[in-house]
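Read the structure below first, then the notes.
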Amino acid sequence: MTAPETIQVETRGRVGWITLDRPEALNALNAQIMREVVAAATAFDADPAIGAIVLTGSAKAFAAGADIKEMEAKTSVDWLVDDPFGEWPRFAAIRTPVIAAVSGYALGGGCELAMMCDLIVAADSARFGQPEVNLGVLPGIGGTQRLVRAIGYYKAADMVLTGRLISAEDAERAGLVSRVVPADDLLDEVATIAEGIAAKSLPSLYAAKAALDAALETSLAEGLRFERHAFAAQFDTHDQKEGMAAFREKRDPDFTHR
Ligand code: CO8
C-alpha cells in the first residue's frame with residue numbers, strides 16, 4: 001500500500017489516530033482523502049490491538065466540507081455512475097468506537113463526517129454547519145438524515161435550510177456534540193477519553209456500538225431484542241468472567257479482548 005498523502009496515521013498504545021492533512025484546502029474532503037481515511041480506519045478496525053480510533057483535523061478546520069473545486073464540474077450522471085463519495089458508508093460501518101476531535105470548522109461533509117463518529121468532542125472554537133444551500137445543493141452524505149436523528153427536525157432544519165454556522169456550545173446544547181473542552185486541551189482530553197475506551201473489553205465495545213447503531217436503525221422492539229441477544233452473547237467471553245471477577249475481588253480487570 002502506498003503511503004497516504006492527505007492524512008497522517010499514527011498508533012498510540014491501543015488508539016489509532018487519523019489526522020486530516022490538507023491545510024491548503026482546510027481539509028476539504030476530496031476523493032483521495034476519502035480513500036485514505038477509509039483505508040486507515042478499516043486497517044485499524046481489522047486490528048484487535050486497536051480499541052478506539054480518533055479522527056481529527058487542524059486547529060483551524062476539522063474539515064470545511066466536500067471539496068467544492070473537485071465537485072463543481074460534475075454532472076448528475078457522474079454522481080450516479082461513478083459514485084465518487086461511495087466509500088464513506090464503509091467508514092460509518094466500522095466496528096471500533098471512533099471519536100471525532102473537532103477544532104475550527106466542521107462544515108458540510110465535515111459535519112457529516114463528524115456525525116459518522118460515535119463521540120464528537122469539540123474545542124470551544126469549533127463551528128458546525130451544513131451550508132450546502134449556499135452553493136445551490138444540499139447535504140449529500142448524511143446531513144439531512146443523521147442531523148435530524150441527532151438534534152431533531154426543527155434544529156436540523158434551521159441549520160440545513162439557512163446554512164448558518166453554530167458554535168460548539170450551541171451544538172452541545174442541541175445534542176450534536178458530546179463534550180466541549182478548551183481548544184488548547186482538545187487533543188489531550190480526547191487522548192484520555194480514547195485510551196479509557198480502548199482499555200475496555202473489545203467484544204463488549206463492538207457489541208455496544210452495534211446496539212447503539214440499532215437504536216438509530218430499527219424499531220424499539222427490534223432494538224431491545226438486539227440488545228438482549230448482544231448482552232447474552234457477552235457471557236461467552238473471557239472478559240465478562242474477568243470483569244465480574246475483578247469487581248468481586250475489588251481489583252482492576254485484566255481484559256484479554258476475547
Ligand atoms: N472545498 C474546496 N476548497 C476549500 C473548501 C472546500 N469545501 N473550503 C475551503 N477551501 C479552500 C479555499 O478555497 C481556500 O483556498 P485558496 O487559498 O486556494 O483560495 C482555502 O481553502 C482557505 O479557505 P478560505 O480562504 O476561504 O478561508 P477563510 O478562513 O476565509 O474561510 C471558510 C473559511 C468559512 C470555511 C470558507 O473557506 C468556506 O466557506 N468554505 C466552504 C464551506 C462550505 O461551503 N462547505 C460545504 C461544501 S459542500 C459539501 O460539503 C457537500 C457534501 C456532500 C457531498 C455529497 C456526495 C454524494
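The values are calculated or read from the model by the stated rules, or taken from the named source; none is laboratory data. None of the values given here were measured: they were computed from a predicted structure. In this analysis, Cβ positions are derived from the backbone assuming ideal geometry, glycine residues included, and neighbour counts consider all displayed protein chains. For the accessible areas, the whole protein counts, side chains as well, though only heavy atoms, and no ligand, DNA or RNA atoms are used. Shrake-Rupley method; radii C 1.70, N 1.55, O 1.52, S 1.80 Å.
At-a-glance table
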item: Average accessible surface area per residue within segment 201-249, 1.4 Å rolling probe, Å²; result: 68 Å²
item: The chain - percent relative contact order, Cα under 8 Å, separation 6 or more; result: 16 percent
item: Among 122-131, 36-45, the order from most to least packed when residues are scored by Cβ within 10 Å on average; result: 122-131, 36-45
item: Derived scalar couplings ³J(HN,Hα) [segment 110-123; Karplus, 6.51 cos²θ - 1.76 cosθ + 1.60; whole Hz; x for Gly, Pro]; result: x, 5, 5, 5, 4, 6, 7, 8, 8, 10, 10, 9, 10, 5
item: Table column - 3J(HN,Hα) (Hz), segment 18-27, Karplus curve with 6.51, -1.76, 1.60, x for Gly and Pro; result: 10, 10, 5, 9, 10, x, 5, 10, 6, 6
item: Order by protection proxy (mean Cβ within 10 Å, highest first), peptides 172-184, 223-235, 99-111; result: 99-111, 172-184, 223-235
item: Global form of segment 7-198, assessed from the alpha-carbon gyration tensor, a/c cut-off 1.5; result: oblate
item: Global geometry of segment 167-258, whether rounded, prolate or oblate, following the gyration tensor of its Cα atoms and the 1.5 cut on a/c; result: oblate
item: Helix-only [θ]222 nm of the chain, DSSP H runs n ≥ 4, -39500 (n - 2.57) each, per residue, nearest 500; result: -12500 deg cm²/dmol
item: Antiparallel %, DSSP beta bridges [both residues in segment 1-124], to 5; result: 25 percent
item: Per residue accessible area of segment 11-56, 1.4 Å probe, in Å²; result: 33 Å²
item: Those GluC sites (Glu not before Pro) in segment 48-104 that DSSP places in a loop and that have at most 12 other beta carbons within 10 Å; result: GLU72
item: Å² per residue, accessible surface of segment 74-146 at 1.4 Å; result: 41 Å²
item: Hz values of 3J(HN,Hα) by residue in segment 35-41 - Karplus curve (6.51, -1.76, 1.60), Gly and Pro given as x; result: 4, 6, 5, 5, 5, 5, 5
item: The chain - percent of accessible surface contributed by carbon and sulfur, probe 1.4 Å; result: 56 percent
item: For segment 84-131: rounded, prolate or oblate by the Cα gyration tensor [a/c cutoff 1.5]; result: oblate
